Every structure is written in structure tokens, then in C-alpha cells.
There are 2 protein chains.
Amino acid sequence: MINLVLLGSGNVATHLYKAFSASKEIQVKQVYNHSAESLGFFENKTPVTTSLSGLVEADIYLLALKDDVIPEIAKQLQNVKGLVAHTSGAVSLEAISECKRAGVFYPLQTFSKNKEVNYKEIPFCLEAKDSKDLELLKSLAGEISGKAYEISSEQRKKLHLSAVFVCNFVNHLYSIGEQICKDNDIPFEILQPLIKETAEKISTSSPVEVQTGPAIRNDRSTINAHLKLLTSEENKEIYQLLTKAIQLFHGKKL
Amino acid sequence: MINLVLLGSGNVATHLYKAFSASKEIQVKQVYNHSAESLGFFENKTPVTTSLSGLVEADIYLLALKDDVIPEIAKQLQNVKGLVAHTSGAVSLEAISECKRAGVFYPLQTFSKNKEVNYKEIPFCLEAKDSKDLELLKSLAGEISGKAYEISSEQRKKLHLSAVFVCNFVNHLYSIGEQICKDNDIPFEILQPLIKETAEKISTSSPVEVQTGPAIRNDRSTINAHLKLLTSEENKEIYQLLTKAIQLFHGKKL
């Protein structure tokens, strides 16, 4: 049985809480947040507190907090016996190193308030000052997911950067696609099978091998026709830059 | 029973051939390509020809050819009795209007040589000069897919443009993500659940509603840290432009 105190009440904290609650081997002993209002979801399920001095003893103190408050909250936990671990992709282990035992428990996924996620599919990126603590985090991850990776702070930063490209920026390209459809009375659902196939393809092939489209074919007449169709300057700029980037990446003549 | 002659031997022609062959209501009577070598896949399965004058009679002549040869091949088919339809996203119906009966049968999907596709999931975008021919194309699509849409040439151009954003450009962002992982000894598979979730999320929510990441939060410290981590000038430019675009799109202060 792993006892833990969860600090935070946002999307990550809420989703983790649900996943922990589903495991018999994990007990969430307490949830902390500085504001009582944000604790509404947890109140009837588990003891809550708004005071750091009121935290109970636990094996792990999990900081599912905003990046910029993690170091200062960790500082106030420097004397707890348990392992202090944060869930951020961008904060280093060093940033909480004042804690005797420090670690990272970063679920690499995009969490939305009202959408359930399948935890079994979520990779956890783990790191700890001490090898025993790394094992403890592996056990915690193992209870809710089949996938855990040992990832250093340096690697985690790069992984978080990659995630911005493959998730946040990709989602914006979806938004542009949807906008073009809306402006032309085309149901966006027509594009969804293509979107899914594009995402699924790369689980068996490298994206580099399956690049298609006018840019890699250097099909100037389609590229020029597309640029004429684009009404927004930003989208035109994005089209030009990504076309150029694809051609450079694949060594095409410009 | 719908009889058809398939013109072309590339990815689209090959995938369509397989899908047609699986239906009892469709008979591929002949496959044409100007080069005999490219017909290898079809040779033992169906009659083939390299001569347009050797084409047999059929209900539909399906031009699964490169965009730039479609008009000239269609011109040579202007006297056939059957319906001449092309499979291109970018070529208008007008471009083959010299044919007595002309139509478009555009499968909106990305086809790779060695990856099977689930045709049931592929939307077909249909258009025809004559309403009876539109019905014929609907029957053809209905035999292999559950999804058919009537889409005008103008709309199809815009749809093809959207597809470049949500498929080709998205795939390049995957390539950048993979490259960053490789350069830092991180297995790219860690990112795949995130990639899938990002793609699946938008079948139930508009991408505009589920945009996440440092750009929309206007999290300058993460944005600056990411820009410092990027070693390639192109990727830096893409990061900056897409960050700016997300902020403009969502009305954030820059």
C-alpha cells in the first residue's frame, strides 16, 4: 500500500486522483490546495486541507501544481519524511532539491477537464535523487499505467518541447483546418478519419518515411493555388514556412 | 453490378482496386496505365492495357492519375459512353468537362504503399455534372464506405487545402518531435499516446476548445526556455510563428 498526499486541484490533480482511487494499492490520505473553493471536487471523497502545516504523514507528497509555485511549495516541505515529487514536464528535479527526498512523476498526456483518459495508455516519466525512491515511483506508476520510463531532467525538458510540437501546435493546425471548413460550409467531420490515420500511421512508421503532400512532391502549381486560396495572412505564413521546412528537411530543391 | 475501368497504378489506384475487389457489386473489368511495368500488381488479377484505344466498355472510367495528366487523359475519353470520374482533391470537375458524363470520386485519406486502410472509415467526396451520375457515384462509394458527401469543386479545393494543414503539416510536426527525441536518446514511442489522444479529442470537441500549452497560457518563461533549447533555425521559426498564431487566434495579448 502506498499512502500519498496530493497537492493541487487542477486537471492533472483531478485525473490522477481518479486513477489513484481506482487502485487498491494506493491510498490518497489528503488533498491540499491553498484555496478552499478549488477543493470542492475532493471534499466528500477524502480529507482536504488549505494549510501546509496541516499535512499528514505519507509515503509520497505529489505536487500537481503550476510550474512556478512548485519550488516554493517544495521548500516548505523540506522536512517531511516522505518523498516529494512533482508532475511537471518543464520543472527540473534540481528545482525541488531542498527536499531530502525528491522525485518527478510526469504523466505525458494532455488533460481536459471533461474528458476521461485511459491511464493504462499514459507514459509516466520518472526521476528521483535516490534509486529506492525511483523504485517507489515505478510502483506508483505501475499501479495505474503499464508504461513508465526513467527520464532525466534534461531529457524531460526536450520531451516537453517535443510535446508542444506534436500536441499543442498540431491542435492549432486542426483549428485552422476546422476554420477553413466552416468558412466553406464543409462539415469538419470529413477530415477526422484523415486526422486519425495520420496520427496512427506513425505508431508503425517513422513520420519522416510517410510524409506526403504538395511540399514533399515540390508540386509548385498546387502550392501556389493553395496560397491564393488562403485569406488569412497568418495561415499563408504558416503554409509557406511549413512547406519550406518540409522541403529543407527532406533535402528537396527549393 | 457496377462495371469499371481503373486508370492509374499508384497508391490510390492500388488501394481502390483492393476495396473494389472485396465487393460483389463491383467488377473491375480492366486496369490501364501508360507504362506496362507499373501494371505488375494487377496483371494476374485482372485484364490490363497500356493503350487508351484498347479500353473496354464500362459504367465508370475512374481516373486515379496524377493531377496534371487528368485533363489530357479525360480529353481522350470524351467519346466513351460511361461516366468519367477522377479521384483528385485538387482538380475541378470543369477540368474534365469535355467528357459527356463527368464526375469526381475523391477519397479523403492519406494512402501509403504498404499500409492497409479501413475503407469503411474513408469519406468519399462526390460530384457530377448530372444528378443520375451522382447517384451512380454514391452507389459506388456505398459499396466500399459508409461515408459519402456531395462536395462542389470549390469546396473540394478548400478541403484539400485543409487536409494539407491537418495531415501533411501535422506529419511534419511529428517529424520534428521525433527528431528532438532522437537527438536526446528518448524513445519516440513515449509521445505516441499523446499524439493519438490529441487526434481523438477533436472527434468530440472542437480543436479551438481544447487548445492547451504555453502559447495559449501566454507562459513566457516556458516559451523562452523552449526557444533556447531549439538548435535548428527552422524549428525556432516554426515555434515562434505557431505560438504567435495561437495567441492571435485565441485573442491573447502578445
Legend entry - Per-residue HN-Hα couplings for the stretch A:82-95 [Karplus 6.51, -1.76, 1.60; θ = phi - 60°; Hz; x = Gly/Pro]: x, 7, 9, 10, 9, 10, 8, x, 10, 8, 6, 5, 3, 5
Legend entry - Cα gyration tensor, the stretch B:1-73 - rounded (a/c under 1.5), prolate or oblate: rounded
Inset, instruction - Give me the angle, in degrees from 0 to 90, between the Cα long axis of helix B:192-201 and the longest principal axis of the Cα atoms of chain B, rounded to the nearest 10. - result: 70 degrees
Legend entry - Inter-chain shielding of B:238-244 (mean C-beta neighbours from other protein chains, 10 Å cut-off): 5
Legend entry - Low-density loop cleavage sites - GluC sites (Glu not before Pro) in the stretch A:14-70, where at most 10 other Cβ are within 10 Å (DSSP): none
Legend entry - Other-chain or far-sequence residues with amide H under 5 Å of A:A148's (modelled H): A:F124
Legend entry - Angle in degrees between helix B:153-163 and the longest Cα principal axis of chain B, rounded to the nearest 10: 40 degrees
Legend entry - In Hz, Karplus ³J(HN,Hα) per residue of the stretch A:21-26 (6.51, -1.76, 1.60; θ = phi - 60°; x = Gly, Pro): 4, 7, 9, 6, 8, 10
Inset, instruction - For the protein assembly as shown, just the Cα atoms, rotate onto the principal axes and tell me the three extents in Å, largest first. - result: 88, 44, 40
Legend entry - 1.4 Å probe accessible area per residue over the stretch B:167-254, in Å²: 42 Å²
Inset, instruction - Return the loop-located trypsin sites (Lys or Arg not before Pro) in the stretch B:192-254 (DSSP other than H, G, I, E, B) with at most 10 other Cβ atoms within 10 Å of their own Cβ; answer none if there are none. - result: B:K253
Legend entry - B versus A: buried accessible surface, summed, Å² (probe 1.4 Å, to nearest 100): 8500 Å²
Inset, instruction - Return the aspartates and glutamates within reach of B:K201: Cα separation strictly under 20 angstrom, same-chain partners fewer than 8 residues apart disregarded; answer none if there are no such residues. - result: A:E116, A:E121, A:E178, A:E189, A:E197, A:E200, B:E121, B:E189, B:E209
Inset, instruction - Under 1.5 on a/c is rounded, so check that first for chain A, then, if it is not, pick prolate when a/b is larger than b/c and oblate when it is not; a ≥ b ≥ c are the square roots of the alpha carbon gyration tensor eigenvalues. - result: prolate
Legend entry - Among the listed pairs B:K157/B:K182; A:K75/A:K115; A:K120/B:K120; B:K66/B:K236; A:K182/A:K228, those beyond 30 Å (Cα-Cα): B:K157/B:K182; A:K75/A:K115; B:K66/B:K236
Legend entry - Tensor-based shape of the stretch B:1-151 (alpha-carbon gyration tensor, a/c under 1.5 rounded, otherwise prolate or oblate): rounded
Legend entry - Distant-in-sequence amide H partners of A:Q27 (H built 1.01 Å from N, under 5 Å): A:I2, A:N3, A:L4
Inset, instruction - Could you pull out every residue, at least 5 positions away or on a different chain, whose amide H is within less than 5 Å of the one on A:L83? Hs are placed 1.01 Å off N in the peptide plane, and Pro or chain starts have none. - result: A:I60, A:Y61
Legend entry - Centre separation in Å (Cα based) which lies between the stretch B:75-143 and the stretch A:175-254: 22 Å
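The values are calculated or read from the model by the stated rules, or taken from the named source; none is laboratory data. What you see is a predicted model, and the numbers here were worked out from it, not measured in a lab. Glycine also receives a Cβ, built like all others from the backbone with ideal geometry; neighbour counts cover every protein chain displayed. These area figures cover heavy atoms from the full protein model, side chains too; ligands, DNA and RNA do not enter into them. Shrake-Rupley method; radii C 1.70, N 1.55, O 1.52, S 1.80 Å.
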